[in-house]
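Here's the structure, in structure tokens; my notes come after.
Read the figures in this text as sums done on the coordinates, not as results from a lab. Note that the structure is a prediction, hence the values are computed from the model and not measured.
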Amino acid sequence: MNFDLSEEQLAVQQAARDFAQTELLPGVIERDTHQKFPTEQIKKMGELGFMGMMVDPKYNGGGMDTVSYVLAMEEISKVDASASVCMSVNNSLVAWGLEKYGTEEQKKKYLTRVATAEAIGAFCLSEPEAGSDATSQRTTAEDKGDHYLLNGTKNWITNGNSAGVYLVIAQTDAEKKHKGINALIVEKGMPGFVIGKKEDKMGIRGSDTHSLMFTDVKVPKANRIGEDGFGFSFAMNTLNGGRIGIASQALGIAAGAYELALKYAKERKAFGKTLSQHQAIQFMLADMATKIDGARLLIHRAALLKDQKKDFVKAAAMAKLYASQIAQEVTTDAVQIHGGYGYVKEYHVERLMRDAKITQIYEGTSEIQRMVISRELLR
Ligand code: CAA
């Protein structure tokens, strides 16, 4: 075991930390309040290489490893979890999915633009009646020879309006159940594709989450990812890696709240001494730091296994389950340490507490992670 990060990994971590402080921190409260997508910031993240970190440089990516990616995700998430969910979906679902399973033509046409966020990616699996139960897809992709006719509704889609490239999962042959599902690349502006309502969310309010409607959208066969019927496997395999990204988002949210609480505890005085001199606060900080380190170790193990091309399914699910759980606990404690100040927007921790909740829901709820873990244990 080697816990040392390479010089390159440390440089990536520092670059992400600097970017978060200089470009994301100013305006993060306003974006949260007004549900404003960080358009300019994401554009810059694309230019700096944060949006296609693991993609091969020949498709405009950074050619980095998953460990570098989780380090950057943690730093960005400490400050702005709305920007980091856009980054996570773009990197680990859309870019990774296209690179791993797409044709050369699809990579040249779509991945090259997704990797720089010239066209942001969206991953469209969830439906009004298919969230955790993802095999129950109602969206249909009827085989019409040289194209599919896409009909249906997708819900809670991250980057719903800001994206340019959408990976849409749809049922082609209901009799074959999950083996009759396809993954199609849909472009914004295709006739019949309408962007629906924007969700008014509890947290990650700067990210744009929309429903999407497809009515007789003609999607060329050339836009199908993989063989006919591969769509559900595509979604599952892609989500396995995506969960490492969301786990690092949860970690970053927790670590960001912890760093603010630590600083505040050293400055704020009560009963004639700083909060940090009270044992009750010292023990809270000790628990917070221990949980954060535990989550980080689980995440780095999952990332390392993925980089080593070993089975990482259980490790990724464990990392997401644990990191999202401790993000709840740590952000709640950070608000508690801040007292009344913690409950107002100016001190950031209330936002981090609201942002933390979604990490237990998207890319597989905590209950789904427990299903994945226990199935692996009992296999
Ligand atoms: N990795 C790879 N393959 C998997 C898998 C995994 N983790 N889990 C299941 N599969 C495969 C199975 O092997 C099976 O394939 P075969 O028949 O070829 O063997 C197929 O998928 C169906 O599996 P099950 O029979 O186990 O199906 P199920 O209905 O009992 O359970 C599930 C499936 C695991 C619960 C799945 O529906 C699931 O993961 N649900 C959660 C969906 C999810 O994570 N949604 C997130 C939305 S995307 C999002 O949030 C992005 C965003 O914007 C932030």
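Here Lys218 is the anchor, and the lysines within straight C-alpha reach of less than 23 Å, apart from those fewer than 8 places off in the same chain, are Lys107, Lys108, Lys109, Lys144, Lys154, Lys176, Lys177, Lys179, Lys188, Lys197. Against the chain, whose longest principal axis comes from its Cα atoms, helix 7-19 is set at around 80 degrees. Separation of the stretch 271-336 from the stretch 159-220 is 33 Å, based on Cα centroids.
Straightening the chain between Thr332 and Lys36 buys 104.1 nm, computed as 0.36 nm per residue apart minus the Cα-Cα spacing.
Seen against the Cα atoms of the chain and their longest principal axis, helix 39-48 is set at about 90 degrees. Would you list, by chain and number, the aspartates and glutamates whose Cα falls below 12 Å from the Cα of Lys44, excluding same-chain residues fewer than 8 positions away? Reachable aspartates and glutamates: Glu23, Glu118.
Where q = 0.22 Å⁻¹, what log10 of I(q)/I(0) comes from the Debye formula for the stretch 69-187, counting one point per Cα? Calculated log10 I(q)/I(0) at the listed q: -1.28.
If I fit a long axis through the Cα atoms of helix 313-338 and take the longest principal axis of the Cα atoms of the chain, what angle between them do I get, 0 to 90°, rounded to 10? Taking Cα atoms only, the helix is inclined about 40 degrees. For the chain, the Stokes-Einstein estimate of translational diffusion at 37 °C and a viscosity of 0.692 mPa s comes to 157 µm²/s, using the Kirkwood hydrodynamic radius over alpha-carbon pairs.
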